[in-house]
1. Name every residue in the stretch 121-133 that is part of a loop (DSSP other than H, G, I, E, B) and surrounded by 14 or more Cβ atoms within 10 Å (Cβ to Cβ), in order of residue number.
2. With aromatic (Phe, Trp, Tyr) and modelled with pLDDT under 85 as the only criterion, which of Tyr95, Tyr72, Tyr105, Tyr120 stands out?
3. Being aromatic (Phe, Trp, Tyr), in the same structural domain as Gln75 (by TED's automatic domain parsing) and buried (at least 17 other Cβ atoms within 10 Å of the Cβ) narrows it down to one of Phe231, Phe198, so name that one.
4. Can you name every residue in the stretch 181-238 that is of a type in the set (Gly, Ala, Ser), in a loop (DSSP other than H, G, I, E, B) and either under 16 Å from Glu88 (Cβ atoms) or touching a residue at least 40 places away in the same chain (Cβ under 8 Å) (or both)?
5. Might you check whether a residue that is exposed (fewer than 12 other Cβ atoms within 10 Å of the Cβ) and at pLDDT below 90 occurs anywhere in the stretch 134-144?
Amino acid sequence: MMAFTLPIIAFRNMRRQLRRTILTALTFAVAVFIYTVLVAVPWSMDRIADNASKGLRLVVTERNNDRLPARYCDQIKKMPHVLGCAPEIIWGAIYRDPKRPIITYGITADISTVTNSSDYQIPPDKSKLMQADRRSAQVGAQLMHENGWKLGEPITLHNPQDPRLALTFIPIVELPTEYLSRAFFFDRRMLDDAVKNFYGSDIQDRASFITVRVDRAENMGLVANQIDENFHNSDAETETTTETDAVANVVTAIGSIRTIIYSLCTVVLLTVLLIAANSMAMMVRDRIGEVAVMRALGFTQTHVAMMLFTEAALIGLGGSAIGAALALWYFGHGVTLGEITGMLGYIEVRPATAAAAIASAVAVSIASAMGPVILATRVVPAMAFRQVV
């Protein structure tokens, strides 16, 4: 019975100093919002890199950041333990805002040789349409959402250096996977033909990178070394890494600020702890008379402590729920932060992240009340009455 009565008493006490309760709760709301968003940044990047590791793929780039010959795939396919090889070319384009470049990937039919059962499988009818209509494109769900694109509706992308070079695509597939949520795949023949028509240059044998699929995880290092050794001392020497490492390099900014992010989270928690401790000390001081009356009526130190801790927990819970709800509402569908999250990265606040932030805030709220509550429960009723009088 007491377990149900004490929360009611605590809730009523919260309304006595309503302004202080609201301000303390808002402190928790702001802190939890910041904390949730900060934590979501590295967590989102880790999920994307983890998804990339399931494909058993290697990424081959040119050691000096020059273009790779796409014909390298002809030799790579013949190597042991290689199941597929696909050259890809990157085209940096803009849609409407020049400050928000869109990284697109020109692919060939060989892309099907580097996908496996763990990857999203395009429906057969869409795959046939992709081969029949060069304008067809596969676009990640996050990128579709950011730009307001719809399936089947044409979109035109421009070259940021030369607006005359414009390509019109028709999205036919929305990629639902987290790893490819900001990817844009198109038939590279569209770009090859456009560059040849505009500038007279033949780029069919150019590749920004080459994706290689390996049969087993234990053979990935072996194949990577074999590829680099095979093209050693060639005009375009290669550097082969796992797809996971390649994705990590794309979002390298996250890795460099990971420590800073966690440090900021710690600072946020400590700041809230100090503010909440001050508020709790004032609250407990105002409750000295009530504590004395309760002790005189037979309430034990445990009962008094439970009431005060419950009040602290309710304040932390109410404020943190508001902050977490705002973070979930704004970042729940994923939001890119430009260069800081890379061309594949974005941050997404998930319910589990919000719940963890709320739990942390409630724990901080209870911890901040620890000192004042212990002092209040040790006050002798007679001395408390004397202080009140």
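1. If the condition is that a residue be part of a loop (DSSP other than H, G, I, E, B) and surrounded by 14 or more Cβ atoms within 10 Å (Cβ to Cβ), then Ile122 is the only one that fits.
2. Tyr120
3. None of the others qualify; the one that does is Phe231.
4. Ser181, Ala183, Ser208, Ala236 - these are the residues of the stretch 181-238 that are of a type in the set (Gly, Ala, Ser), in a loop (DSSP other than H, G, I, E, B) and either under 16 Å from Glu88 (Cβ atoms) or touching a residue at least 40 places away in the same chain (Cβ under 8 Å) (or both).
5. no
The values are calculated or read from the model by the stated rules, or taken from the named source; none is laboratory data. Keep in mind that this is a model prediction, so the values were computed, not measured. Virtual Cβ from ideal backbone geometry, glycine too; neighbours counted across all protein chains shown.
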